[in-house]
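Asks: Okay, here's the structure, questions in a sec.
The values are calculated or read from the model by the stated rules, or taken from the named source; none is laboratory data. None of these values were measured; they are calculated from a predicted model. A quick note on method: Cβ atoms are made from the backbone with ideal geometry, for glycine too, and the neighbour counts reach across all protein chains shown. Calculation scope for accessible area: heavy atoms of the full protein, side chains included, ligands and nucleic acids excluded. Shrake-Rupley method; radii C 1.70, N 1.55, O 1.52, S 1.80 Å.
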Amino acid sequence: MQIKVLDTTLRDGEQTPGVSLTPDEKLRIAIGLDALGVDIIEAGSAITSEGEREGIKKITEEGLSAEICSFTRAVQSDIDAALDCGVDSIHLVVPTSDLHLEHKLRKTREEVLLQAVDCTQYAVDHGLLVELSAEDSTRSDIDYLKEMFNQGIQAGAKRICACDTVGFLTPDTSFKFYKELSKLKAPVSVHCHNDFGLAVANSISGLKAGASEVHATINGIGERAGNAALEEIVVALYSLYDIKTNVNIQLLYETSRMVARMTGVYLQPNKAIVGENAFAHESGIHADGVIKKSETYEPITPELVGHQRRFVMGKHIGTHLLKKRLEELGLKVDEKQLMQIFQRIKSLGDMGKCVTDVDLQAITEDVLGILQEKIVDLEEVTIVSGNKVIPTASVKLKINNKEILEAGVGIGPVDAAIIAIKKSIADFADITLEEYHVDAITGGTDALIDVVVKLRYEDKVVSARSTQPDIIMASVEAFLSGVNRLLGDKFTAEDLT
Ligand code: KIV
Ligand code: ZN
């Protein structure tokens, strides 16, 4: 069995409060979705604005493999706007519940039915493929809904879609509902919202009942609690139901990160499939199991979705994981030293702290009585920032008694400082900042700021932290501590001067 995926990240997903994409951002996301292998991209709603039309046109002109679709109401001007953008199809939407008809549209069932049929015919006559969609269909009179779809199909609609607009279905009712609609003479799409956290389960129930297309968004973004999450549906179908899609599962994590970055809607760490903790292990028992055989505590491998396994050092850690991490970091300890480090990590955990690689390095060096050479030392950092100046930073670093002065500009003072440091060491190392997390530990404007960074140098990744009252200093110190850790394994200070 194979089902089609309509991705609506650029339409329903963009309706997430606070999200607004530029035409170029829409294009970049559409290119990512096309590479991911979705069958249909709902690129937006052409009638919405000039910028929206520009974005949809850019997408249709890109020559992607996916079918490009615009949302329209049953209004001729909406369809003309979609035609103007060169889309392949429209997602033509009419409300069908009495609630929406009476209180929102203030129209009768007959009026809306006529409008839907007329607009379907108009769009088909103009060469568009029509997916006729019923808004709030799950709270509609089922006979009226079927009549709407039947007449729409007669007018030329090639697919029908029943929207669970307010997430009203349950997996049981979803199965019955979509089974009934699957008896009609056109392929049915499932479109579920997540108000009760059931969007993915309801979508899968609908597909099991006979629907052949699913609407979803990357990361489940959308109005209120969002839409059904594409990555969860696709991987559950693949792994648990043996139902295929054209989606290239290995690109899911990368696509999720791209959409999070472009929309500014970041994920909760425990988000299924693509969350940062989806394949992270801390507890000793779990980490030990996963190291021995990953299936013990992972239903799928992180590689399947392009993600990575991560072991976290905290108070639940076990000695197996600790030993493994120390080995990976090239730190040799005996059993007694291992237990000392183990206890130190546990006590830090009891104080509410997780241990970064740099913390682990420092604890281990302390236990071993060695001091790792600090390759790059910070002498000075000066920041200029304000409402009418471009944030600028100058840094003075010392490497083997040689001073290096550099300046950088950025979108904010922290960015400027990190750019200045990266420039100062660019001659010998291209270090990338992969993650940056900031947390205010105490309340008030004098709060202690905890910055944790994840840095990459070639194929090596380390995390590092600094906790200080000043966010810029915390960021700079965390970055430099990671840099020292990464470079320290490869160079001595003399090598770099
Ligand atoms: O959820 C919904 O009802 C929709 C329609 C407007 C298509 O997204
Ligand atoms: Zn929706």
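Asks: Can you give the Rg to Rh ratio for the stretch 280-368, taking only C-alpha atoms and Rh from Kirkwood? Please report the intermediate quantities before stating the final value.
Replies: Numbers: Rg = 13.3 Å, Rh = 13.4 Å.
Radius of gyration over Kirkwood radius for the stretch 280-368 works out to 0.99.
Asks: Kindly provide log₁₀ I(q)/I(0) values, in the same order as q = 0.18, 0.21, 0.24 Å⁻¹, from the Debye equation applied to equal alpha-carbon scatterers of the stretch 253-321.
Replies: Rounded to two decimals, the profile gives -0.69, -0.86, -1.01.
Asks: Among the chymotrypsin sites (Phe, Trp or Tyr not before Pro) within the stretch 191-287, which fall in a DSSP loop and have no more than 14 other Cβ atoms within 10 Å of their own Cβ?
Replies: On the way: sites: Phe196, Tyr238, Tyr241, Tyr253, Tyr266, Phe279; in loops: Phe196, Tyr266, Phe279.
Of the chymotrypsin sites (Phe, Trp or Tyr not before Pro), the ones in loops of the stretch 191-287 whose Cβ has at most 14 other Cβ atoms within 10 Å are Phe196, Tyr266.
Asks: Let me ask something else. Go through the stretch 52-135 and name the trypsin sites (Lys or Arg not before Pro) that are in a DSSP coil and have 13 or fewer other Cβ atoms within 10 Å of their Cβ.
Replies: On the way: sites: Arg53, Lys57, Lys58, Arg73, Lys104, Arg106, Lys107, Arg109; in loops: Arg106, Lys107.
Sparse-neighbourhood loop trypsin sites (Lys or Arg not before Pro): Arg106.
Asks: With a cut-off of 8 Å between alpha carbons and a minimum separation of six or more residues, what is the relative contact order of the stretch 377-496 in percent?
Replies: It comes to 17 percent, rounded to a whole number.
Asks: Here's something else I'd like to know. When you take every Cα atom in the stretch 1-141, what is the radius of gyration, and what is Dmax, the widest Cα pair distance, in Å?
Replies: Calculated on Cα positions, Rg and Dmax stand at 15.2, 43 Å.
Asks: Moving on. Determine the alpha carbon to alpha carbon distance for each of Lys293/Lys346; Lys315/Lys454; Lys324/Lys460; Lys183/Lys244 and list only those over 18 Å. Please list the in-between numbers first.
Replies: Numbers: Lys293/Lys346 25 Å; Lys315/Lys454 20 Å; Lys324/Lys460 16 Å; Lys183/Lys244 22 Å.
Among Lys293/Lys346; Lys315/Lys454; Lys324/Lys460; Lys183/Lys244, the Cα-Cα distance tops 18 Å for Lys293/Lys346; Lys315/Lys454; Lys183/Lys244.
Asks: Taking the Cα centre of the stretch 1-139 as origin, sum charge times position over the Cβ atoms of Lys and Arg (+1) and Asp and Glu (-1), and report the length of that vector in debye to the nearest 20. Please list the in-between numbers first.
Replies: Numbers: 13 positive and 27 negative charges, 59 e Å.
Rounded to the nearest 20 debye, it is 280 debye.
Asks: Output the 0 to 90 degree angle, nearest 10, between the alpha-carbon long axis of helix 471-488 and the longest principal axis computed from the alpha carbons of the chain.
Replies: So the helix axis and the longest Cα principal axis differ by about 70 degrees.
Asks: Moving on. Using only the Cα atoms of the stretch 4-263, each taken as one equal point scatterer with no solvent, compute I(q) by the Debye sum, divide by I(0), and report log10 of the ratio at q = 0.08, 0.12, 0.14, 0.16 Å⁻¹.
Replies: -0.27, -0.64, -0.89, -1.19
Asks: Roughly to the nearest percent, how much of the accessible area of the stretch 4-263 is carbon and sulfur, given a 1.4 Å probe?
Replies: Working: 5000 of 10140 Å².
With neighbouring chains kept in place, the figure for the stretch 4-263 is 49 percent.
Asks: To the nearest 500 deg cm²/dmol, what mean residue ellipticity at 222 nm is calculated for the chain from DSSP H runs of n ≥ 4 alone, each contributing -39,500 (n - 2.57), summed and divided by the residues?
Replies: -11500 deg cm²/dmol
Asks: Pairs of Cα atoms under 8 Å, at least six residues apart: use those to get the relative contact order of the chain, whole percent. Before the final figure, lay out each step's value.
Replies: Numbers: 1020 pairs, mean separation 45.4, N = 497.
Over the chain, the number comes to 9 percent.
Asks: Provide the percentage of antiparallel DSSP beta bridges, counting only those with both residues in the chain; round to the nearest 5. Walk me through the numbers on the way to the answer.
Replies: Working: 36 of 75 bridges.
Given both bridge residues lie in the chain, the antiparallel proportion sits at roughly 50 percent.
Asks: With +1 assigned to the C-beta of every Lys and Arg and -1 to the C-beta of every Asp and Glu, and no other charges, what is the dipole magnitude of the stretch 255-322 about the Cα centre in debye, to the nearest 20? Could you put the intermediate results ahead of the total?
Replies: On the way: 8 positive and 6 negative charges, 34 e Å.
It comes to approximately 160 debye.
Asks: How far is helix 23-36 tilted off the main Cα axis of the chain, in degrees rounded to 10, range 0 to 90?
Replies: The angle comes out near 90 degrees.
Asks: What whole-number volume per residue, in cubic angstrom, does the convex hull of the C-alpha atoms of the stretch 377-496 give? List each step's numbers first, then the result.
Replies: On the way: hull volume 11.5 nm³, N = 120.
Cα-based convex hull of the stretch 377-496, divided per residue, equals 96 Å³.
Asks: In the stretch 167-269, what GluC sites (Glu not before Pro) fall in a loop by DSSP, with at most 13 other Cβ atoms inside 10 Å?
Replies: Working: sites: Glu180, Glu213, Glu223, Glu231, Glu232, Glu254; in loops: Glu223.
Sparse-neighbourhood loop GluC sites (Glu not before Pro): none present.
Asks: Provide the per residue accessible area, probe 1.4 Å, for the stretch 159-309, rounded to a whole number of square angstrom. It would help to have the intermediate numbers written out before the result.
Replies: On the way: 6390 Å² over 151 residues.
I get 42 Å² per residue for the stretch 159-309.
Asks: Got a sec? Charge dipole of the chain, +1 on Cβ for Lys and Arg, -1 for Asp and Glu; which of Leu27, Pro187, Ile233 is way out at the positive end?
Replies: Ile233
Asks: How about Lys323: which aspartates and glutamates have a C-alpha closer than 20 Å to its C-alpha, ignoring those fewer than 8 places off in the same chain?
Replies: Straight-distance partners of Lys323: Glu282, Asp288, Asp334, Glu335, Asp357, Asp359, Glu365, Asp366, Asp489.
Asks: So, one more: Please grab the % of Cα pairs in the stretch 72-137 that end up more than 13 Å from each other. Walk me through the intermediate numbers first.
Replies: Details: 1249 of 2145 pairs.
Result for the distance tail: 58 percent.
Asks: Give the whole-number value, in cubic angstrom per residue, of the convex hull volume spanned by the C-alpha atoms of the chain. Kindly include the intermediate steps, with their values, before the conclusion.
Replies: Values: hull volume 86.5 nm³, N = 497.
Spread over its residues, the Cα hull of the chain gives 174 Å³ apiece.
Asks: Say the dipole of the stretch 377-496 comes from +1 at the beta carbon of Lys and Arg and -1 at that of Asp and Glu; which of Val462, Phe479, Ala416 then lies farthest toward its positive end?
Replies: Ala416
Asks: How far is helix 357-368 tilted, in degrees, relative to the longest principal axis of the Cα atoms in the chain, given as a value from 0 to 90 rounded to the nearest 10?
Replies: 30 degrees
Asks: Please calculate how many Å² of accessible area the stretch 377-496 carries per residue, with a 1.4 Å probe and no DNA, RNA or ligand atoms counted. Show your work: numbers first, answer last.
Replies: Values: 6070 Å² over 120 residues.
So the stretch 377-496 comes to 51 Å² accessible per residue, rounded to a whole number.
Asks: While we're looking at this one, here's another question. Average the reciprocal distances over every distinct pair of alpha-carbons in the stretch 1-79, invert the result, and give the Kirkwood radius in Å. Kindly include the intermediate steps, with their values, before the conclusion.
Replies: Working: mean 1/r = 0.0790 Å⁻¹.
Evaluated over the stretch 1-79, this radius sits at 12.7 Å.
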